[in-house]
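The values are calculated or read from the model by the stated rules, or taken from the named source; none is laboratory data. Bear in mind the structure is a predicted one, so any value in this text is a computation, not a measurement. Every residue, glycine as well, gets a Cβ built from its backbone with ideal geometry; the counts of neighbours run over all protein chains shown.
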Amino acid sequence: MKYCQGTKCHEYKTKDRIRGTKGSKSYQTRRRSEFYYADNFCSRNCMEDWLKQNIEQALDHFGRVTEAKRVMCDQAWYKDYSRSYNGNINGHSTFNHFFVNDLLGERIPITEQQYDNTLITNPKEL
């Protein structure tokens, strides 16, 4: 079991945070085997509390972006698909799969198997 890392988790007044016996009850940080937000926080509020308090220190430690990052034309390919509502076959929609490069204005048809293949990441690999 892990504790929520939210800096104010224990301050939120919910029934599941109440611990202790009559006369000595308190609100405590949530404890879970699994968390939903970044696997460290019990709620979005707790995650945002932590970020507000620690984001500057984290960016300073791990490094800030100081210049724009770029994706060049030959690296800008991504897979996409469109659903054809007019081409229903036996009550099923049909899909068209593509490699798309918005920088080049290109759209190359591919098969569904090529779309599903994670090893194929650009049309040069076809």
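What is the number of the single condition among (1) under 20 Å from the mean Cα position of the chain (by Cα); (2) modelled with pLDDT of 95 or more that Gly63 does not meet?
Among (1) under 20 Å from the mean Cα position of the chain (by Cα); (2) modelled with pLDDT of 95 or more, the lone unmet condition for Gly63 is (1).
Among what's in the range 48-80 and is exposed (fewer than 15 other Cβ atoms within 10 Å of the Cβ) and touching a strand residue (DSSP E or B) at 6+ places or on another chain (Cβ under 8 Å), pick the residue that is farthest from Met1 (Cα to Cα).
Cys73
Among the residues of the range 28-47, which ones are outside any helix (DSSP H, G or I) and buried (at least 17 other Cβ atoms within 10 Å of the Cβ)?
Thr29, Arg30, Phe35, Tyr37, Phe41, Cys42, Ser43
So Ser43 passes all but one of these: (1) touching a residue at least 40 places away in the same chain (Cβ under 8 Å); (2) polar (S, T, N, Q); (3) in the same structural domain as Asp16 (by TED's automatic domain parsing). Which condition number does it fail?
If we test Ser43 against (1) touching a residue at least 40 places away in the same chain (Cβ under 8 Å); (2) polar (S, T, N, Q); (3) in the same structural domain as Asp16 (by TED's automatic domain parsing), just (1) comes out false.
Just to check your reading of the model, which residue among Tyr115, Tyr85 is modelled with pLDDT of 95 or more, out of contact with any Cys (no Cβ under 8 Å at 6 or more places or on another chain) and farther than 27 Å from His10 by Cβ?
The match here is Tyr115.
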